[in-house]
Amino acid sequence: IQRNPGESEFHQAVKEFMYSMTPVLERDPKYIQYNILERIVEPERMITFRVPWVDDQGRIQVNRGYRVQFNSAIGPYKGGIRFHPSVNAGIIKFLGFEQTFKNSLSGMPIGGGKGGSDFDPKGKSEGEVMRFVQSFMTELYKYIGPDEDVPAGDIGVGPREIGYMFGQYKRICGGHEAGVFTGKGLTYGGSLVRKEATGYGCVYFVEEMLKEKGMSLEGRTVVVSGSGNVAIYAMEKAMQLGAKVVACSDSNGYVYDPQGINLETVKQLKEVERRRIKDYVQEHPHAEYHEGCSGIWTIPCDIALPCATQNEISEESASILVKNGVIAVAEGANMPSTLEAIDIFLQNDVLFGPAKAANAGGVSVSALEMSQNSMRFNWTFEEVDAKLRQIMSNIYRNSMAAAEEYGYTGNLVVGANIAGFLKVADSMIAQGVV
Ligand code: NDP
């Protein structure tokens, strides 16, 4: 905390992780001998830069850009770029820290990184977004590359922004290095299923958790927060597997549709027209719109999928979910549950899928996109989807096995942390004091 003042989200992520390390250190003192914990919480590199751009009125605006290259022990840095006004060094570091272990858990050969800017894409014209992205990339290009650091999307960064980033990178560096970004459009090196991967993967993870207890998604009531990339495809897969999704949200409020959310409307509003979720009720007047985000967790449900942002489920919201009989919670977003909320879920035997495990599907398919770019060959939708499903199942089983082995049977928070940690730590030891 003294070394990283004011970085509360980073402290929170490290704290959650450190709780899981006690049994590992007790069993194997080499991690103490090699001072792994102190090394692993320190990013290899943190890049901060000025991003000047000109708005439509001809005024010069300045934002701040970030890239944290957290850990490259098991592969090139890999992680998304976030554009949101809340972005700061602590948020980027928490995301990069989490990414390191998530990527390890995915079984793919990728290290951990993350980046972004405090730029707010909301309300900006196409031209402004493009000029901002080009300026951002004019600095970031120096630090990335297909074998070095491979960015992707995150909050506020979707196919449009990735396209502009790739275009500018190509313009500066020449050639067509498709493997330098993932989440690209399908016409220029993107992978099928990447768009769907985080949401689908999260629901595949829920399926695994339920299967273990002899249950399924069929007929379950589901609440999903957010209405962005992760939320939309979590809803889609949950519906395909027979569940009824009754609510979703954006940063202004949430809609409750007791008949089941109409996904086509949500896709049209959010993916095509970039409008607000409150407009959903214009087309579906029987649905309710409520201002404010946290109220979504008061809707009774069997399965809750927080897919918006960090710390969106407080202790109070977790208690309400438990009181209303929630069976499973899987984190589509990064760190959406506070530490207190996680405790409530674990104490009440809610099946809890932590972000590192439950939302690793996105980065896993990103790694598959990198493989396809290297091969200059594309797999079919069915092939990538089958690989994603297998990866989510492996992540579930490896996390459960680690939890069991270290005396925390059924605790996926501890299991995912330990399973993710061991590969990174052992690789760091093998590579010497670097
Ligand atoms: P999007 O930008 O596509 O969607 C984000 C959604 O969350 C929007 O509905 C947005 O509402 C809402 N939201 C954002 N910030 C806030 C906030 N402060 N309070 C309330 N709601 C908010 O992002 P993604 O779907 O890509 O990302 C969502 C989460 O999933 C993030 O935590 C991200 O790190 C994580 N994640 C994403 C992956 C991916 O592949 N995209 C992979 C793994 C994790 P509004 O439209 O009003 O801004």
Test: residue in the range 270-292 that is within 16 Å of the ligand (Cβ to nearest atom), at pLDDT 95 or above, of a type in the set (G, A, S) and surrounded by fewer than 16 Cβ atoms within 10 Å (Cβ to Cβ): yes
Wholly within the range 26-134, strands (runs of 3 or more DSSP E) carrying at least 1 residues that are within 22 Å of A360 (Cβ to Cβ): 60-71, 77-83, 111-117
When residues of the range 325-345 are limited to those that are more than 16 Å from the ligand (Cβ to nearest atom) and either outside the structural domain of P306 (by TED's automatic domain parsing) or not hydrophobic (A, V, I, L, M, F, W, C) (or both), the one farthest from the chain's Cα centre (by Cα): G325
Residue that is nearest to the ligand (Cβ to nearest atom) [pool: residues in the range 192-215 that are part of a loop (DSSP other than H, G, I, E, B) and among the aliphatic types (A, V, I, L, M)]: V193
Scope the range 249-259; condition more than 10 Å from the ligand (Cβ to nearest atom) and crowded, with 17+ Cβ neighbours inside 10 Å; matching residues: V255, Y256, D257
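May I ask you to list the residues in the range 154-171 that are away from the ligand (no atom under 16 Å from the Cβ) and in contact with a Lys or Arg (Cβ under 9 Å, 6 or more places away or on another chain)?
F166
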Residue check, S366 surrounded by fewer than 19 Cβ atoms within 10 Å (Cβ to Cβ), hydroxyl-bearing (S, T, Y) and within 15 Å of the ligand (Cβ to nearest atom): no
Options V157, V133, V180, V193: the member that is on the phi > 0 side of the Ramachandran plot and not small (G, A, S): V193
Wholly within the range 216-291, strands (runs of 3 or more DSSP E) carrying at least 2 residues that are β-branched (V, I, T): 221-225, 244-249
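Quick one: which residue in Y200, Y188, Y143 is at pLDDT 95 or above and assigned by TED's automatic domain parsing to the domain that holds P306?
Just one listed residue meets the conditions, Y200.
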Residues of the range 381-412 that turn out to be part of a helix (DSSP H, G or I) and over 17 Å from G353 (Cα atoms), as a count: 8
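The values are calculated or read from the model by the stated rules, or taken from the named source; none is laboratory data. Keep in mind it's a predicted model, so treat the numbers as computed, not measured. So basically every Cβ, Gly included, is an ideal-geometry build from the backbone, and we count neighbours across all protein chains shown.
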